[in-house]
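Have a look at the structure below before the remarks.
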Amino acid sequence: MLENLTALNLILLGVAMFASGFIDAIAGGGGLIQTPAMLLSFPDRNPVEVVATSKTAAFFGTTTAAIQYRKFIKTDPKLLIAMVIPAFIGSGIGAHLASRISAGSYKSSIFFVMIAIFFYTLVKPELGKEHVEKHSPQKLMVIGSVAAFIIGFYDGLIGPGTGTILMIALVALMGFAFVGASAIAKVVNATTNLASIIVVGLTIGVMWKLGLVLAVANLAGGYMGSHMAIKKGSSFIRIFYLIVTGLLILRLGYSLYLE
């Protein structure tokens, strides 16, 4: 059996990966499920290696969701490039530092920012329902590039919740509707996953066989989640997003102050 896992453990990880891919395709935050599941399954292995293996599986689900969104929702390719390149660089730097520095203070700042954005979204029911032209195309690319680098760094350093944080930036800061934000977030998130996988794979190692087996489940979840999000639209994604963000806040708060 792969990595000395029992058949039951492998099945449970597959279920977690499917659920993760489904949730992540709609509102981000799939790492809330897959990362704890992987860490619990491999308590004695380097956590950076375990998270990178989780991201190997997630890459396929995120990429599948990105392709699905791109079929139905057209986004500015210049904006995508302006976000993808900084996100890749930021994630690579974060992954390189992941085993070298304490992420506690970084997680704490993200925690409080997410609480503020959660309530801001909650009290503004129109937020993200329609695309709003908040900035000129040039300014939008600058904001997108900076946000993508910072969020990419977070993904490489810590990981869980990256897709949700991307949604926050795209909707609240850049004016996208939730469905359009999901389409962009998936492309950027796939890029940050790839950067982390490359860096950790070259420096520490990845459980490649397990990651590729679990990728099948994550891919299926990503396909189904993106299909549902496209069908249901921004209002559905907003509700799903608020639920996932609330869970992410609880998870981060627990890891910061109760563990």
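Read-outs throughout are calculated quantities, based only on the coordinates presented, and are distinct from any laboratory measurement. Every value quoted in this text rests on a predicted model; they were computed, and no experiment measured them. Here Cβ is always computed from backbone atoms with ideal geometry, including for glycine, and neighbour counts include all displayed protein chains.
Brief remarks on what is shown
- Cβ-based net charge around GLU133, under 14 Å, with every Lys or Arg adding one and every Asp or Glu removing one: 0
- Segment ILE85-LYS139, extension gain: residue separation times 0.36 nm, minus the distance between their alpha carbons: 17.8 nm
- On the beta carbon distance between LYS231 and VAL15, with R0 = 25 Å, the FRET formula returns roughly 0.60.
- Shown here: the stretch 2-257, whose C-alpha atoms stretch 52, 37, 35 Å along the first, second and third principal axes, sorted largest to smallest.
- Restricting attention to the stretch 2-257, lysine pairs at least eight places apart or on different chains and with alpha-carbon atoms under 21 angstrom apart total 23.
- Taken along the Cα-to-beta-carbon direction at a fixed 7 Å, the label points for VAL146 and TYR257 span 2.9 nm.
- Computed across the stretch 1-41, the Kirkwood radius stands at 10.4 Å (inverse of mean 1/r, all Cα pairs).
- Of VAL206, VAL132, VAL50, the one that fluctuates the most in a GNM where the chain has Cα springs shorter than 10 Å: VAL132
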